[in-house]
Every structure is written in C-alpha cells, then in structure tokens.
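The values are calculated or read from the model by the stated rules, or taken from the named source; none is laboratory data. All values reported here derive from a predicted model rather than from experimental measurement. Heads up, the Cβs are rebuilt from the backbone with ideal geometry, glycines too, and the neighbour counts pull from every protein chain shown.
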Amino acid sequence: MQPIFDFFFQQYQDYPSIYIFLEIIAVIFGFLSVWYSKQENILVYPTGIISTIIFVYLLWQWELLGDMMINFYYACMSVYGWYIWTRKVDAVHFTPVTRTTPKEKIWSVLIFIATLIFVYAVYRYFDKWNNWTAYIDTVTTAVFFVGMWLMARKKLENWIYWIIGDLISVPLYFYKGLTFTSFQYFLFTIIAIFGYLSWKKSLNNTLQTA
C-alpha cells in the first residue's frame, strides 16, 4: 500500500498544510458545483464561485497562470450564469436547456481562438512558455472558456467541452503534482457524461411539451 500511496501523494510532502487543506475544500465545492449543474440547480454557481476563488489563490501561489486564468474566468462567468439561470422567459418558466444556435457556434469558435491568443500572450509575457504543459494549458483553457460560456447560457453542448477538457486535465494535473485536483477532474468527467444525458432528456421533454 505504501508504494501506491507514495505514487499518488508524495508530491504533497513539501506543500504547506494550509495549501493541502484549501485544495481539498476547493475540490469538494467544485464537485458539488458540477453535480448541481447536472441537476440544473442554481446552487451550481455559489458553490462554483467558492471553489474557483480558492483555486485562483492556490494556482497563483504555484505560478500556474493558465489554470489560474481559467478559474478567474469561471468566477466571473458564474455571476453571468447566475443571472441567466434565474431569468424567467415567461411568468412561470425559467431559462430552459436549448441547443447552440449557428450564431452561438460562431461565437464559440471566436472565444476559442481569442483565448488561445490571450493565454499565449500571457505565457510569453511572464516567460512561462518553457514547458510542454504550456501548450496543453493553452488548449484546455480555450476549451473550458467555451464550455463555461455555453453552460452559463444553458446550452446542451457545454457538456461536450467539459468532457474533452476534463479528460485532458486528469493526467495533466497529476503530472503537475495536484493529485486531489486530478481526482476531481476524473469525477468531473463521469458527471459530465451523465450531465449531458440529463440535459438532453430535459431538452427533449421541453420540446415535447412545446
């Protein structure tokens, strides 16, 4: 058992205890946020904001700029999503799950490209373009930026972006020494798959009702 434990957690031996504690708290609230998103529950946003604020602090300490920007963007988009999800489309109904429109697909592409350029510029400015993980960070940041924007607008396709980004993040965060966060993204992948199926069912029910 000891070799297995060391394999997964030895990278924490030099971390301050407060960082480990904060990462665990952020992971718990991050898990709750994704679970609430699957359930179309508005608590997705307050729990998500708590998780992302903690991660912004931790990732700044660890100088993981791409990951930090992802979480800062999450926190900002959570405020926007909170508003969209609580907005009524009529006297009794809140914003429903819908598919991405052609215009939103174009915006998704633009957000993806703009994010690639922005993250590249930030990494160059801070001289962080010195590891192969920087290339992966740039791509995952762009994927998650689009996913978060679509989730805030309650679009079914947001889950596809989350699944892709989560699958990449599992080994990436483990390589970076953030085992708890790697486990979090593994769970995120599973929830995202069920989230897609749940939202698709909700969309079909809405269409049948209409």
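Overview of results
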| read-out | value |
| --- | --- |
| Every residue from region 43-75 that is more than 21 Å from ILE191 (Cα to Cα) and at pLDDT 90 or above | ILE53, ILE54, VAL56, TYR57 |
| Residue list for region 21-42, filter: in a helix (DSSP H, G or I) and closer than 18 Å to ILE190 by Cβ | VAL27, ILE28, PHE29, GLY30, PHE31, LEU32, SER33, VAL34, TRP35, TYR36, SER37, LYS38 |
| Test: residue in region 192-209 that is hydroxyl-bearing (Ser, Thr, Tyr), free of Cβ contacts under 8 Å to residues at least 12 places away in the same chain and surrounded by fewer than 21 Cβ atoms within 10 Å (Cβ to Cβ) | yes |
| Search result, residues across region 166-179 that are buried (at least 17 other Cβ atoms within 10 Å of the Cβ) and either hydroxyl-bearing (Ser, Thr, Tyr) or under 18 Å from PHE29 (Cα atoms) (or both) | ASP166, SER169, VAL170, TYR173, LEU178, THR179 |
| Test result for VAL44, among the β-branched types (Val, Ile, Thr) and surrounded by fewer than 17 Cβ atoms within 10 Å (Cβ to Cβ) | no |
| Residue identified as in a helix (DSSP H, G or I), of a type in the set (Phe, Trp, Tyr), touching an Asp or Glu at 6+ places or on another chain (Cβ under 7 Å) and closer than 30 Å to PHE94 by Cα among TYR161, TYR185 | TYR185 |
| Any hit, region 197-209, residues being within 17 Å of LEU59 (Cβ to Cβ) and part of a helix (DSSP H, G or I) | no |
